[in-house]
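The values are calculated or read from the model by the stated rules, or taken from the named source; none is laboratory data. Just so you know, these numbers come straight off a predicted model, no measurement behind them. Cβ sites come from the backbone with ideal geometry, for glycine too, and all protein chains shown count toward neighbours. Ligands, DNA and RNA are excluded from the accessible area calculation, which covers all protein heavy atoms including side chains. Shrake-Rupley method; radii C 1.70, N 1.55, O 1.52, S 1.80 Å.
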Amino acid sequence: MTLRGDPPKGETTFTPYQDGLRYACDLVALLKTRHPDFCLGVAGYPEKHPEASSLAVDLDHLKRKVDTGAAFITTQLFFDNAVYYRFVERCRAASITVPIVPGIMPVLSLKQIQRFTTMCGTTLPPQLIARLEVAAENPDVVEIIGVDWARTQIRGLLANNAPGYHLYILNRAKGALALAAGLAA
């Protein structure tokens, strides 16, 4: 994955090192020049990168990453499959034809997911929030709800021709293993 990276902790804007690369498309171009056989993935933001001024500007940046050599896109996390489907439609309309892998994060903690979604500009569906708030005092139930939601998302995505899925599990194997077991059943 060729990622620009996030601003340092406590910072709100990204500043490259002196003579460093400012954008992910610059990294893609550099790597493809030096290693043309590399298979490079890039990030896509179904609900818009937090630093982009608009969806159109964000899509232009994504197209630039693909046009410089990215072979696939992995999306930022999202919790409503319709968001992914609209994103894929916008990409295809912009002549972005590479596979777009949906990024899924099972909710394992209400506070953690609220922090993540605020940071990356992702929305939580009201029905998911309601279920999580009811269970907020019971971490095991929150995790069951989160894994169930992710499982339902993945099944729907695969049924609608997503090329696979990427799990954001943050080194929390228990939720990933429960999710895998549920998908295998």
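Pro16 meets the stated requirement of being open to solvent by less than 40 Å² (accessible area, probe 1.4 Å), out of contact with any Ser or Thr (no Cβ under 7 Å at 6 or more places or on another chain) and at pLDDT below 90. Scan region 19-46 for residues that are part of a loop (DSSP other than H, G, I, E, B) and surrounded by fewer than 17 Cβ atoms within 10 Å (Cβ to Cβ) and the total you get is 10. All conditions but one from (1) open to solvent by less than 40 Å² (accessible area, probe 1.4 Å); (2) free of Cβ contacts under 8 Å to residues at least 40 places away in the same chain apply to Ala130; the one that does not is (1).
If you filter region 65-87 down to residues that are among the β-branched types (Val, Ile, Thr) and surrounded by fewer than 21 Cβ atoms within 10 Å (Cβ to Cβ), you find that the one that is nearest to Gln153 (Cα to Cα) is Val83. Among the conditions (1) under 19 Å from Phe78 (Cα atoms); (2) part of a helix (DSSP H, G or I), Asp140 misses just one, which is (1).
The rows are residues; the columns are (1) modelled with pLDDT under 95; (2) closer than 20 Å to Asn81 by Cβ.
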{"site": "Ser95", "(1), (2)": "no, no"}
{"site": "Pro102", "(1), (2)": "no, yes"}
{"site": "Arg115", "(1), (2)": "yes, no"}
{"site": "Thr118", "(1), (2)": "yes, no"}
{"site": "Thr122", "(1), (2)": "yes, yes"}
{"site": "Ala135", "(1), (2)": "yes, no"}
{"site": "Trp149", "(1), (2)": "no, yes"}
